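S.K.: Sharing a structure here in structure tokens format.
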Amino acid sequence: MAPALAQPFHIIAHRGASAYAPENTMAAFRKAADMGAPEVETDVCFTRDEKVLLFHDRTLDRTTDGSGSPADYTLAELKELDAGSWLDPRDHPDFDWATDYSGERLITLDELLTEFGETFTYHVEIKAGTEGLVDAAIASIRRHGLVDRV
């Protein structure tokens, strides 16, 4: 039995279970749910067509086969990118999943909340400097009836 931890203590799956599946993808959040994570953290930014995308970096280069800012692309264009093949297993032998998620796609906040609903408590990091992003994220959260889970 695991030792008891002082309360409050939170276990939060960072960008989903990002040590086990590509960060901020549906696979990472499914893995977090499978592992019993009660809370998840994600980052959001706008696409060119002002959809609320789960994405951490300023550019697509590190975690997809795209380049440049997510804000330069529509959601449809971003959905064509591979967000699951970016980690070369030769460079990171500790990440066994590196070749298991080829073709994994980027997702929106709406997609995350639709699939997982009340499964998690959500920590949503709003990337600074994007007018309207806070309102759009709040609108998504309200549409899903999850104001008390964020």
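S.K.: Which log10 I(q)/I(0) values, to two decimals, does region 95-150 give at q = 0.14 Å⁻¹ under the Debye formula with one point per Cα?
M.R.: Debye intensities relative to I(0), on a log10 scale: -0.49.
S.K.: May I ask you to derive the FRET efficiency for residue 80 and residue 9 from their Cβ-Cβ distance with R0 = 35 Å, giving the value to the nearest 0.05?
M.R.: 0.30
S.K.: Name the residue, out of 114, 25, 42, whose mean-square fluctuation peaks in a Gaussian network model built on the chain with Cα pairs under 10 Å.
M.R.: Result for the chain, Cα springs under 10 Å: 114 fluctuates most.
S.K.: Take each of the peptides 64-74, 101-111, average the number of other beta-carbon atoms within 10 Å over its residues, and list them starting from the highest. Please list the in-between numbers first.
M.R.: Numbers: 64-74: 16.5, 101-111: 18.6.
Put in order of decreasing packing, that is 101-111, 64-74.
S.K.: Turning to a different aspect of this structure: Add +1 for every Lys or Arg and -1 for every Asp or Glu among the other residues with Cβ under 14 Å from the Cβ of residue 75, and state the total. Don't skip to the end; give the middle numbers.
M.R.: Details: positive: 48, 51, 79, 105; negative: 49, 50, 72, 77, 80, 110, 111.
Summing Lys and Arg as +1 and Asp and Glu as -1 gives -3.
S.K.: I would also like to ask the following. Hey, got the dipole for the chain? About the Cα centre, +1 on K and R Cβ, -1 on D and E Cβ, debye to the nearest 20?
M.R.: The dipole of the chain has a size of about 320 debye.
S.K.: What do you get for Rg/Rh over region 12-149 if you use C-alpha atoms and the Kirkwood form of Rh? Walk me through the numbers on the way to the answer.
M.R.: Numbers: Rg = 14.3 Å, Rh = 15.0 Å.
The Rg/Rh ratio comes out at 0.95.
S.K.: Report the gain in length on full extension from residue 92 to residue 48: 0.36 nm times residue separation, minus Cα-Cα distance, nm rounded to one decimal. Intermediate values should be presented prior to the final figure.
M.R.: Details: separation 44, 0.36 × 44 = 15.84 nm, distance 3.25 nm.
Going from the current span to full extension adds 12.6 nm.
S.K.: Can I ask one more? Most exposed first by the Cβ proxy, i.e. fewest other Cβ within 10 Å, how do 88, 94 rank? Present the calculation step by step, with values, prior to reporting the outcome.
M.R.: On the way: 88 10, 94 7.
Listed from fewest to most nearby Cβ atoms, that is 94, 88.
Every number in this text was worked out from the coordinates using simple rules, so none of it is lab data. No experiment lies behind these values; they were computed from the predicted model shown. Backbone-built Cβ (ideal geometry, glycine too); neighbour counts: all protein chains shown.
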